[in-house]
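Below you'll find the structure, written out as structure tokens, and then a few comments.
The values are calculated or read from the model by the stated rules, or taken from the named source; none is laboratory data. Since we're looking at a predicted model, the values are computed, not measured. For neighbour counting, all protein chains shown are included, and Cβ atoms are generated from backbone atoms with ideal geometry for every residue, glycine included. Ligands, DNA and RNA are stripped out before the accessible areas are found, and what is left, the full protein with its side chains, is counted by its heavy atoms. Shrake-Rupley method; radii C 1.70, N 1.55, O 1.52, S 1.80 Å.
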Amino acid sequence: MKTIFCEIHLPHIRHNFRLLQQRAGHTRIVGVVKADAYGHGDVPVALCLQSEGCTHFAVARVHEGIKLRKAGIHGDILIMSGSFPNEFAALREFNLTTVVYCEENIEEMVREGISVPVHIKIDTGMNRLGFRPDRLPWVYRTLTEAGFAVRGIMTHMACADEPGSPTIGAQENLFYRSLEPYFQEGMLGHLSNSAGIFTLDNLGSLARPGIMLYGGNPFADKTVDLRPAMTFKTKILQVKRVFPGEGISYGHSFVADREMLVATVAAGYADGYSRLLSNKARVLVNGQYAPQVGRVCMDMSMVDVTHIQPARGDEVVLFGEQRGQCIYASELAELMGTIDYEVFCGISPRVKRIYTGA
């Protein structure tokens, strides 16, 4: 019996990809599968997207790109965090495209005599990675004279999930003004993340959705028909009676004020069920909501099931759907003071991923 696992429903990823591609029109969708596809499993998700016609993929690290290539991903794989000299040989061997974002990076590549496809990243307001736009002429000239194939120019939006933010238009205008002198047949210009697909006026050649592929919604308005792909499930280990005045878990942060039925479930912070959820979260047991009580432990947590009367081995949903009810990852994220991206990425590798609807 599987004690704790994440069920990944691949038809929901297919649905989300089709919805985003329809919204993007002629702009091609890049499957962003970095960080193990936001905890959903990079290879199964990339193969699913490839079967839907996705031809561009994006990861953060070179080793992530190598893994995809070895698994049979044939399209363009973009390394968004760039590369270091000890990784240059792998770029050539596995036909990976790297992002170039600083002068030292160019110097390293020219010195090592590497000639691989590159995308130039300019910083239009994120102030993370990228050249200032006024350096683009020097960057483009230096790379082309050194024999590099400049396949794209990109940037990243800082406030795309805040409709009406003046930063959106300012970044978009600066990007396209900078890109215009270099635009030619085959040159890829891209700036849009998930939210940008719905807030930008001009999406460019490519759009790079991440969280929306997996059913997460960066907007407060949840009207977009996204379908969460992940359900985080575990089992009840024991059900016991707790009496008034008795404390539960470490530190007795919860003390029973009545006779209760408490289930200990096989999920803790080592699995990615955060200790920050202690005495705040709820789970689903037999299609009913049940509050988490006491401190979340490394491997276990406790749930008030007085009103449910379940048994050892019954399924518990930490987030996702059960019998028509749903707990969204964003609900846990709000309780933790973070975003659903971190909830997904925080699921431990020891939690098995099971794929359905392949």
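In vacuo Debye scattering of segment 125-203, one point per C-alpha: log10 I(q)/I(0) at q = 0.25, 0.27 Å⁻¹? Values returned for q = 0.25, 0.27 Å⁻¹ are -1.25, -1.38.
Which shape class, rounded, prolate or oblate, goes with segment 1-155 when its Cα gyration tensor gives a ≥ b ≥ c as root eigenvalues, a/c under 1.5 marks rounded, and past that a/b bigger than b/c marks prolate? In terms of gyration-tensor shape, prolate. A 1.4 Å probe run over the protein chains yields, for segment 298-350, 51 Å² of accessible area per residue, whole-number rounding. Once the C-beta distance of SER348 and GLU103 is scaled by a Förster radius of 30 Å, the resulting FRET efficiency is 0.20 to the nearest 0.05. The residues of segment 202-258 expose, per residue, 46 Å² of accessible area to a 1.4 Å probe.
Here the sum of -39500 (n - 2.57) over DSSP H runs of 4 or more residues, divided by the residues of the chain, equals -7500 deg cm²/dmol at 222 nm, to the nearest 500. Among the protein heavy atoms of the chain, carbon and sulfur supply 49% of the accessible surface, probe 1.4 Å, non-protein parts ignored.
Heavy-atom accessible surface of segment 34-78, averaged per residue, reaches 35 Å², computed with a 1.4 Å probe.
Here the extension length gained between ASN173 and ARG141 equals 9.3 nm, from 0.36 nm per residue of separation less the Cα-Cα distance. With the cut-off at under 14 Å, measuring from each backbone N in segment 317-358 to a point 7 Å along the Cα-to-Cβ line of VAL224 picks out 340-341. For segment 239-314, the convex hull drawn through the C-alpha positions has a volume of 80 cubic angstrom per residue. Peptides 4-15, 325-336 ranked from most to least packed by the mean count of surrounding Cβ atoms within 10 Å: 4-15, 325-336.
The alpha-carbon atoms of the chain, seen along their principal axes, cover 77, 43, 38 angstrom, with the largest extent given first. For ASP42, the shell of other residues with beta-carbons less than 14 Å away shows a net charge of +4, using +1 for Lys and Arg and -1 for Asp and Glu. Along its principal axes, segment 180-235 has C-alpha extents of 58, 23, 12 angstrom, given from the largest down.
Stretched out straight at 0.36 nm per residue, the stretch from ASN86 to GLU180 would grow longer than its current Cα-Cα span by 30.5 nm. Rounded to 0.05, the FRET efficiency of the LYS240 and CYS326 pair, given R0 = 25 Å and the Cβ-Cβ distance, is 0.35. Using a/c under 1.5 as the rounded threshold, could you call segment 10-80 rounded, prolate or oblate? The axes a ≥ b ≥ c are square roots of the C-alpha gyration tensor eigenvalues, and prolate needs a/b larger than b/c, oblate otherwise. Here segment 10-80 falls in the prolate category.
Sum up the charges of everything whose Cβ sits under 12 Å from the Cβ of ILE236, counting Lys and Arg as +1 and Asp and Glu as -1, but leave ILE236 out. Summing Lys/Arg as +1 and Asp/Glu as -1 gives +2. In terms of its C-alpha gyration tensor, segment 210-358 comes out prolate, because a/c is 1.5 or above and the ratio a/b outweighs b/c.
Between ASP201 and VAL110, the simple label model (points 7 Å from Cα in the Cβ direction) yields a spacing of 3.7 nm.
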